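Everything below concerns the one structure shown next.
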Amino acid sequence: MARMRNLILTALLSVIVVVSGYVEELDDKFKEYLKNELWLVEFYTPWCAYCHTFEPILYEVGAELKSMGSPVNVGKIDTTVHTSIASEFNIRGYPTIKLFKGDLSFDYKGPRTKDAIIEFTNRVSGPVVKPLSSVQLFQHVMSHHDLIFVYIGQESLLKKKYYKAATEYIVHTYFFTASEEVLPKAVTLQDVPAIAVFKDGTYYLYNEIVDGDLSFWINRERFPSYFQIDSFSLYQMGELSKLVALAVVDEKNPSEKSIRYKTLMERLSTEYRDHYKSDYQFGYMDGNEYINGLIMGEVEMPFIIVLNMTIDGYCLPESTIETIEDLLRFLNSVLDGSAKLLGGNGFLQHTKRVFNKARSTVVSMFQAAPFFSCFVFGLPVGIVVLVIWRTCTAVPADDEKPMEGATASPALDAHGRKAKEMQPDGIEKTSEAKKED
């Protein structure tokens, strides 16, 4: 039995060594590699609990990219050792994941999962805009992606704008070019060149007069009209000028109320898309843990909430949502300002949010690395306690000096006997004076 256990342990250690070999520990000289190589790099610190959790996932990413024959190298760098790196690459949180491609760098802001990171790496490391040269290829792409942008037509000023916007948003979604001949027959174009987004089982065309700036339109349309929203996509929506209408439900134990809320939200996203497309992003979220942390409170599931991620504000309906009319009234009350806005980013709310985030980070650190966390927090506390103890128990220097005009011990003469008492002026007392005494 013991031998079998040792064999299993040895095999696991071998796998760890092999997998970890695909992730290189970098120093501040790694910038020299960026000129001719593609690099996916994690910026981390030893005290970050999330970094410890993410480490095995990074090793899996490195191993799979290598097995796929990807040209992308995978590495990580400790910013506490190479301190100038954090400021040079504008690192604000940990772990931060960047893909370096020539003179460009792309931040990864999605879920910390192997599949999501590999998809991001493959999308960004290749051409920013890929051609769709046949009907079969177009159908293949549509079957593998829920949302894509397509430029249709020949060279034009619009195409240059499209390529520029694609470079900015390639971190989020896919961009292609195609001719009219390879498009599905259901697609009707009023003019060429044109840009279309294919999502929600249909397509929408860009109209410069109605939709304004192309980058703004792409940023607004890069999410499905209704989908399951996680903390990462919700964080990205802070960049939009949209409110987020969410049905927060428990997917493991769905209730009749949960199903009704999801159905109403999805129906609203399709039937009223044109009316709310500039104001609302619709979706649902599984579980209330993230929302409770965001609003610094607790709401019992299921519930409907509208989030303003720009100011960290939120609105809750004051009455139960039973019908689509109830939901419409609530959303309209948010838009016209009659619904009560809670939260926000005022001084008190900001201070409270910072405190809660710090507390959550500390708890996560102790859960992920208890011994290291004890050292990190215990060392400065121990030093402070030691300084205070030394200060309180130290003897003042003045207490060690004898009082003026006094001696610390009786003076002795050359023979070891007490010296005779002396008058203040140093003259020995006479016998008469002694008698008077």
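Taking strands (runs of 3 or more DSSP E) as the structural unit, those lying wholly within segment 145-247 and holding at least 2 residues that are more than 28 Å from residue 104 (Cα to Cα) correspond to 202-205, 226-228. Summed over segment 25-61, the residues that are farther than 22 Å from residue 92 by Cβ and in contact with a His (Cβ under 7 Å, 6 or more places away or on another chain) give a count of 0. Scanning segment 200-232 for residues that are touching a strand residue (DSSP E or B) at 6+ places or on another chain (Cβ under 8 Å) and polar (S, T, N, Q) yields a count of 2. Restricting attention to segment 179-218, the residues that are β-branched (Val, Ile, Thr), more than 24 Å from residue 136 (Cα to Cα) and surrounded by 13 or more Cβ atoms within 10 Å (Cβ to Cβ) add up to 1.
Pairing each residue of segment 306-323 that is of a type in the set (S, T, N, Q) with any residue that is loosely packed, with under 15 Cβ neighbours inside 10 Å and in a loop (DSSP other than H, G, I, E, B), provided the two are 6+ apart or on different chains, yields C-beta distances under 8 Å for 308/341; 310/241.
Residue 33 falls short of the stated requirement of being in contact with a helix residue (DSSP H, G or I) (Cβ under 7 Å, 6 or more places away or on another chain) and either modelled with pLDDT under 90 or not in a strand (DSSP E or B) (or both).
Residue by residue, here is whether (1) in contact with a strand residue (DSSP E or B) (Cβ under 8 Å, 6 or more places away or on another chain); (2) closer than 20 Å to residue 172 by Cα; (3) among the aromatic types (Phe, Trp, Tyr); (4) free of Cβ contacts under 8 Å to residues at least 12 places away in the same chain holds:
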{"site": "72", "(1), (2), (3), (4)": "yes, yes, no, no"}
{"site": "76", "(1), (2), (3), (4)": "yes, no, no, no"}
{"site": "85", "(1), (2), (3), (4)": "yes, no, no, no"}
{"site": "115", "(1), (2), (3), (4)": "no, yes, no, yes"}
{"site": "122", "(1), (2), (3), (4)": "no, yes, no, no"}
{"site": "145", "(1), (2), (3), (4)": "yes, yes, no, no"}
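I'd like the residue in segment 83-134 that is in a helix (DSSP H, G or I) and acidic (Asp, Glu) and, out of all such residues, is nearest to residue 60 (Cα to Cα). Restricting to residues being in a helix (DSSP H, G or I) and acidic (Asp, Glu), the top hit is 115. Exactly one residue out of 76, 35 is surrounded by fewer than 16 Cβ atoms within 10 Å (Cβ to Cβ) and basic (Lys, Arg), and it is 35. Checking segment 236-248 against the condition returns a match, with at least one residue being of a type outside the set (Gly, Ala, Ser), assigned by TED's automatic domain parsing to the domain that holds residue 265 and free of Cβ contacts under 8 Å to residues at least 24 places away in the same chain.
Screening segment 219-242 for residues that are surrounded by fewer than 16 Cβ atoms within 10 Å (Cβ to Cβ) and of a type in the set (Asp, Glu) and picking the one that is nearest to residue 172 (Cα to Cα) gives 239.
Residues in segment 261-305 that are of a type in the set (Lys, Arg), touching a residue at least 24 places away in the same chain (Cβ under 8 Å) and over 27 Å from residue 217 (Cβ atoms): there are none.
Do we find a residue being modelled with pLDDT of 95 or more and either among the small types (Gly, Ala, Ser) or not assigned by TED's automatic domain parsing to the domain that holds residue 217 (or both) anywhere in segment 157-169? Checked segment 157-169: at least one residue is modelled with pLDDT of 95 or more and either among the small types (Gly, Ala, Ser) or not assigned by TED's automatic domain parsing to the domain that holds residue 217 (or both). Would you check if there is a residue in segment 46-60 being under 27 Å from residue 144 (Cα atoms) and touching a Leu at 6+ places or on another chain (Cβ under 8 Å)? There is no residue in segment 46-60 that is under 27 Å from residue 144 (Cα atoms) and touching a Leu at 6+ places or on another chain (Cβ under 8 Å).
Restricting segment 151-178 to residues that are polar (S, T, N, Q) and within 33 Å of the chain's Cα centre (by Cα), the residue that is surrounded by the most Cβ atoms within 10 Å (Cβ to Cβ) is 177.
The values are calculated or read from the model by the stated rules, or taken from the named source; none is laboratory data. Here the structure is a predicted model, which is why all the values come from computation and not from measurement. So basically every Cβ, Gly included, is an ideal-geometry build from the backbone, and we count neighbours across all protein chains shown.
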